[in-house]
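Report on the structure given below.
The values are calculated or read from the model by the stated rules, or taken from the named source; none is laboratory data. Computed from a predicted model, the values in this text were never measured in an experiment. Cβ coordinates were reconstructed from backbone atoms using ideal geometry, including for glycine residues, and neighbour counts include every protein chain displayed.
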Amino acid sequence: MSERETPARLAAWVHGQVQGVGFRWWTRSRALELGLTGFARNRPDGRVEVVAEGAREHCERLLAALRSGKSPGSVDHVVERWSEAQGGLTGFTER
């Protein structure tokens, strides 16, 4: 198994105008297309937190989509953190 196929966990905090604009729904749709599990949830400070697990390559594609400028709302920047997959996630939910 190559490094890009190795399961990984991406945690991303999306800054900008991303609440109340369908951003979590859009993120869920992209994640499901990529076969990822996890969630997207609003944070009290206006950010959206995204946690996704699956093949690292697919997580990287989701991260690129978050930064693409093609999402609802307006993304200023995305802070990312990578770790080993932890499991325990089913489906991809909006929280």
Report summary line: Checked the stretch 72-85 for anything on the phi < 0 side of the Ramachandran plot and assigned to a loop (DSSP other than H, G, I, E, B); matches are PRO72, ALA85
Report task. Tell me, please, whether a residue that is in contact with a Ser or Thr (Cβ under 9 Å, 6 or more places away or on another chain), assigned to a strand (DSSP E or B) and farther than 16 Å from SER83 by Cβ can be found in the stretch 27-44. Result -> yes
Requested in this report: Would you check if GLY69 is among the small types (Gly, Ala, Ser), in a loop (DSSP other than H, G, I, E, B) and at pLDDT below 95?
Outcome: yes
Query raised in the report: Does GLU84 meet the test of being in contact with a Pro (Cβ under 9 Å, 6 or more places away or on another chain), surrounded by fewer than 13 Cβ atoms within 10 Å (Cβ to Cβ) and of a type outside the set (Gly, Ala, Ser)?
Result: yes
Query raised in the report: Which of the residues that make up the stretch 12-25 are in a loop (DSSP other than H, G, I, E, B) and either of a type in the set (Lys, Arg) or crowded, with 20+ Cβ neighbours inside 10 Å (or both)?
Result: VAL18
Report summary line: Note: among GLU53, GLU5, GLU49, just one is outside any helix (DSSP H, G or I) and in contact with a Leu (Cβ under 7 Å, 6 or more places away or on another chain), namely GLU53
Query - Condition check for SER74: hydroxyl-bearing (Ser, Thr, Tyr) and farther than 28 Å from GLU3 by Cβ - result: yes
**Report entry** Filtered residues of the stretch 56-79 (kept if touching a residue at least 40 places away in the same chain (Cβ under 8 Å), touching a strand residue (DSSP E or B) at 6+ places or on another chain (Cβ under 7 Å) and surrounded by fewer than 20 Cβ atoms within 10 Å (Cβ to Cβ))
**Finding:** ARG56, LEU63, GLY73, SER74, VAL75, ASP76, HIS77, VAL78, VAL79
Report summary line: Taking the stretch 37-55 and keeping residues without any contact (Cβ under 8 Å) to a residue 40 or more places away in the chain, among the charged types (D, E, K, R) and out of contact with any Asp or Glu (no Cβ under 6 Å at 6 or more places or on another chain) leaves ASP45, ARG47, GLU49
Query raised in the report: From ARG28, ARG9, ARG41, ARG4, which residue is farther than 21 Å from ALA55 by Cα and either among the charged types (D, E, K, R) or crowded, with 20+ Cβ neighbours inside 10 Å (or both)?
Result: ARG41
